[in-house]
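Student: One structure follows; several queries about it will come next.
The values are calculated or read from the model by the stated rules, or taken from the named source; none is laboratory data. All of these numbers come straight from a predicted model, not from anything done at the bench. A quick note on method: Cβ atoms are made from the backbone with ideal geometry, for glycine too, and the neighbour counts reach across all protein chains shown. To get the accessible areas, we keep the full protein, side chains included, count just its heavy atoms, and leave off ligands, DNA and RNA. Shrake-Rupley method; radii C 1.70, N 1.55, O 1.52, S 1.80 Å.
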Amino acid sequence: MLTPTSVLDATPPWAIVEQWSDVMQQWLGNDWQSQAITWLITKPLSILFLLLVAVAVRWFLHRLIGRLVHRAAEGLPTPVLRRRKESVPSQHAPSLVAGRRVQRAETMGSLLKSVASIVIFTIFGITAVAQLGYPIGPLIASAGVVGVALGFGAQSLVKDFLSGIFMIFEDQYGVGDSVDVGEAGGTVEAVGLRVTRLRDVEGTVWYVRNGEIIRVGNQSQNWARTVLDIPVALNQDLRRVQNVLRDVAHDLWDDDDFRALIIEEPSVWGVQDLTPNWITIRVTLKTAPLEQWAVAREMRQRIKYRFDHEGIDFAPPAAVSWGAQSA
C-alpha cells in the first residue's frame, strides 16, 4: 500500500500527482461514487500543483534572466573579457556606451522572458490536458500540422520575426539611433520583433517591417564623423587656407562646450576636388554619436567668420549666361 512517505520519494511532479491519485483511489474505493470524488479532488489538485510548478519555474527563469540582463547592463563581462577591456582604452564617452548597453540588454531580456513564458505555459497546457485523461498525441500532431500550415501561410510574418530577433541580438541598431534602412531613414523610436518604428527629420513616422530591411546604415553607433568640404576661389593660397581651417577646427576642439563632443584631434585632409571654378578642401572631425551635425553647423559658422576676418574668398557662384531672345 502506498503511503505519503513513498509519494514524496517520487522526483517528477507528474509522478507525485499519479502517486497521490492512487493513494486517494485506494482510500476511497473503486465504486463510481468514490471514483467521481477522486476525479473531482485529484484532478483539480493535480492541475493546481502543475500550475504552481510552472509559475515557480517561470519565476526562477525570469529572475535568472533578470540577473543576466543586470550584469550585461552594468557591463560586467567574464574575467577574460574584463582583462581585455582593461588593457584596451575606450575611445567613446562612457555615458553613451552605457546607455546603449542598457537599451540592448533590456530588449534582449524582454525577448528571453517572453520566450521562456511561452515555452513553460505551453508545456503546462499539454500536461494539464494529459492529467484530464485526454490523449495528447493527436493534440501534438494537430499542433504540428497547424504550425506547418501557419509557416507556409505566414512566411512573411516568420521572416519578420526571425529578422527582428537577429537584429536585436546582433545590436544592429537600438532606440535613439539615427539609421537609414533604404526606403526610410530617421531616429529609431521603437524596435519590435516584427516592425521597427522610425521618425524622420520632418516628423513623419515610418513603420518598417524587419523582414523587408535589406541593409542598415547606422549613423550613431560608437562614433561619427563631421566631414566638411569648403570651396574656395582659385586665386587663394591653399597652404594659408588649410592653416586657417586647422586653427578653426582646433579652436572648436579646445572649446569647453564641444570638448566632450569631439573625441579626436581634427584633421585637414587637403584638396578634395579641383575644378575650373573652385578648389574644395576637406576638414574632418571625429565626434560622439549623433553629434556630427551640431559640430558641422558650428564649424560652418566659425569658418565664415574667420574667412571674413582673414579676407579669404569662397568660391564664386557659377556664371549663368542667358541667350538673347531673337526678335
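Student: Filter the range 182-196 down to residues that are open to solvent by 20 Å² or more (accessible area, probe 1.4 Å) and under 19 Å from residue 157 (Cβ atoms), then give me how many there are.
Tutor: The total comes to 6.
Student: Ok, one more. Does residue 165 fit the bill of being in a helix (DSSP H, G or I), under 30 Å from residue 223 (Cα atoms) and at pLDDT 80 or above?
Tutor: yes
Student: Of these, 126, 120, 140, which one is farther than 30 Å from residue 213 by Cβ, part of a helix (DSSP H, G or I) and at pLDDT 85 or above?
Tutor: When all the criteria are applied, what remains is 120.
Student: Just one of 229, 247 is touching a Lys or Arg at 6+ places or on another chain (Cβ under 7 Å) and either loosely packed, with under 13 Cβ neighbours inside 10 Å or not in a loop (DSSP other than H, G, I, E, B) (or both); which is it?
Tutor: Residue meeting the stated conditions: 229.
Student: Same structure again: Can you tell me which residue among 277, 235, 222 is on the phi > 0 side of the Ramachandran plot and open to solvent by 70 Å² or more (accessible area, probe 1.4 Å)?
Tutor: Result: 222 is the single residue among 277, 235, 222 that is on the phi > 0 side of the Ramachandran plot and open to solvent by 70 Å² or more (accessible area, probe 1.4 Å).
Residue-wise test of (1) in contact with a helix residue (DSSP H, G or I) (Cβ under 9 Å, 6 or more places away or on another chain); (2) touching a residue at least 24 places away in the same chain (Cβ under 8 Å); (3) not small (Gly, Ala, Ser).
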{"position": "234", "(1), (2), (3)": "no, yes, yes"}
{"position": "242", "(1), (2), (3)": "no, yes, yes"}
{"position": "262", "(1), (2), (3)": "yes, yes, yes"}
{"position": "270", "(1), (2), (3)": "yes, yes, no"}
{"position": "288", "(1), (2), (3)": "yes, yes, no"}
{"position": "298", "(1), (2), (3)": "yes, yes, yes"}
{"position": "303", "(1), (2), (3)": "yes, yes, yes"}
{"position": "313", "(1), (2), (3)": "yes, yes, yes"}
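Student: Considering (1) open to solvent by 40 Å² or more (accessible area, probe 1.4 Å); (2) in a helix (DSSP H, G or I); (3) among the hydroxyl-bearing types (Ser, Thr, Tyr), say which one residue 134 fails and leave the rest.
Tutor: Failed condition: (2).
Table: residues versus (1) within 30 Å of residue 262 (Cα to Cα); (2) modelled with pLDDT of 80 or more.
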{"site": "50", "(1), (2)": "no, yes"}
{"site": "56", "(1), (2)": "no, yes"}
{"site": "63", "(1), (2)": "no, yes"}
{"site": "76", "(1), (2)": "yes, no"}
{"site": "80", "(1), (2)": "no, no"}
{"site": "93", "(1), (2)": "yes, no"}
{"site": "99", "(1), (2)": "yes, no"}
